[in-house]
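Each remark here refers to the structure printed beneath this line.
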Ligand SMILES: Cc1cc2nc3c(=O)[nH]c(=O)nc-3n(C[C@H](O)[C@H](O)[C@H](O)COP(=O)(O)OP(=O)(O)OC[C@H]3O[C@@H](n4cnc5c(N)ncnc54)[C@H](O)[C@@H]3O)c2cc1C
């Protein structure tokens, strides 16, 4: 048995959450051990954002070629070589792997152990015969894809999104179950790479998003040739020669979809037994670790962050929670994590991004909410590039406090960062109206929407009176 390790912090999982926490602790000189059972970088690197964005980038090139003739540059229909796309994805993953390697983390001063960590008791984690008795533990172990409970699903082969990313042969018709961010992003990319793709969902398309903005995304997905069935109650899934058949009832009646592969885009669950959660006295429910608002589990020495906890699956959420938990541990003061501080992005084209409160939530909490909008169609760069589908929508109180922002359009994922910072730093809408953006830029849409706050007749009365009075001075 190796000598027991006694770091201040032991992190289980080397995905974005675990790496952010371990790197942050190590930079401050705090003894930290990170245990990773697979490849550093987590789901994010090997089967999440990085491969998904690389696939979408390849699909985007195809789309640019297809639309080029509208700008006088005709290239003909793109010839897609899926093996080449896979090579591009693999190269992107390898390039990013260097940024999240064990060596890099070790260079900051963290100790990285390869192996599977499991609680042996509430104060000890074992990795093989190595015991770790840390002052605090952070479970950043992510979650595994979990197929939805659908009638007949057990009778057919179904793929998780990440497994579908690695398909060796070009599928003839993918049927994606789940119309949330991840499902739609990949479905659009596959469609643009020439694969027939159908998305089905029991609920609404992008049901968590602002319906006004989601409708703009949906229009584009349909224009791309994606078939989308919302509100479809699946009655049966069965094998058929060459693939699968899904039968269900939608708002318009019976629907039958024949596809070659079924891909599920929803559902995930923590590996409860693998982590020894019972031995660690860490409570869980419905496949997720239970935490309080400071991400503490039922075992006060143990925190959990990222995909292991219920909430949107995103690398930026995992990293944000990591930094808040690190502060709680270091300063011994539980910091409340604010889910509204984390931008949520749907990386379709156009993309949809939001931060802060939704319109419904803002109206529920306050009675002086103003909704400000500025369309991309009034942006010079959008016109020059032919990317005019989009709008910035801001929710503010009458005094200028920003409650939330949502953007649909090209680069919405980049643009939302400004609004996230504004909300976090309590900047007001008039503050943002003073921004001097580059010209032409999409950033200008954010300035223009902020300017509408003081539109005709909206400038504060005191300001108007002062100007009136100064005018009289001649
Ligand atoms: C197709 C797809 C596309 C996505 N696109 C985006 C996107 O564009 N933007 C975005 O923000 N997010 C995206 N995500 C989600 C994102 O990948 C996850 O939310 C993120 O990786 C979660 O980070 P994490 O640190 O919580 O866990 P993970 O990244 O899952 O890392 C957990 C790590 O813990 C390790 N581990 C588990 N159990 C143990 C154990 N017992 N001992 C030791 N190690 C263990 C695992 O091997 C893994 O490496 C996407 C996901 C998918 C599937």
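Each reported figure results from applying straightforward, stated rules to the coordinates on display, with no laboratory input. Quantities reported herein were computed from a predicted structural model and do not represent experimental measurements. Heads up, the Cβs are rebuilt from the backbone with ideal geometry, glycines too, and the neighbour counts pull from every protein chain shown.
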Counting residues in region 320-414 as N, plug N into 2.2 N^0.38 Å and put the Cα Rg over that result.
-> 1.34
Scoring region 348-474 by relative contact order with C-alpha pairs under 8 Å, at least six apart, yields a percentage of 26 percent
Be a star and scan region 162-192 for residues whose amide nitrogen sits under 18 Å from the point 7 Å along the Cα-to-Cβ vector of residue 83.
-> 166-172
Where does each of 233, 281, 472 land when they are ranked from fewest to most other beta-carbon atoms within 10 angstrom?
-> 472, 233, 281
Could you please state, rounded to a whole Å, how far the C-alpha centre of region 4-57 is from the C-alpha centre of region 276-296?
-> 19 Å
Given 0.36 nm per residue, what is the gain on full extension from residue 333 to residue 227 after removing their alpha carbon distance, in nm?
-> 33.1 nm
If the chain between residue 468 and residue 53 were fully stretched, how many nm would it gain, using 0.36 nm times the residue separation less the Cα-Cα distance?
-> 144.0 nm
Three-way shape call for region 348-474 based on the alpha-carbon gyration tensor, with the a/c threshold at 1.5 | oblate
Alpha carbon Rg of the chain, scaled by the compact-globule rule 2.2 N^0.38 Å = 1.08
Could you work out the relative contact order of region 1-113, using alpha carbon pairs under 8 angstrom and six or more residues apart, expressed as a whole percent?
-> 33 percent
Exposure-ranked with fewest Cβ neighbours within 10 Å first, 377, 394 stand as 377, 394
Between residue 361 and residue 65, take the C-beta separation as r, use R0 = 45 Å, and let me know the FRET efficiency to the nearest 0.05.
-> 0.65
Using the Kirkwood radius built from alpha carbon pairs, what does the Stokes-Einstein equation give as D for region 155-259 at 25 °C and 0.890 mPa s, in µm² per second?
-> 173 µm²/s
Relative contact order as a percentage, the chain, C-alpha pairs under 8 Å and 6+ apart, gives 13 percent
Rounded to the nearest Å, what's the spacing between the alpha carbon centres of region 352-394 and region 183-219? Just the number, please.
-> 20 Å
Protection proxy ranking, peptides 220-230, 362-372, average beta carbon neighbours within 10 Å, highest first | 220-230, 362-372
If you stretched the chain out fully between residue 436 and residue 212, how much longer would it get, using 0.36 nm times the residue separation minus the C-alpha to C-alpha distance?
-> 77.8 nm
Directionally averaged projected area (convex hull, Cα atoms, region 25-151), nm² | 13.6 nm²
Fewest Cβ neighbours within 10 Å first, please rank 158, 10 accordingly.
-> 158, 10
Based on DSSP H runs of at least 4 residues, each adding -39500 (n - 2.57), what is the mean residue ellipticity at 222 nm of the chain after dividing by all its residues, to the nearest 500 deg cm²/dmol?
-> -10000 deg cm²/dmol
Between region 115-147 and region 408-439, the Cα center-to-center distance that results, in Å | 40 Å
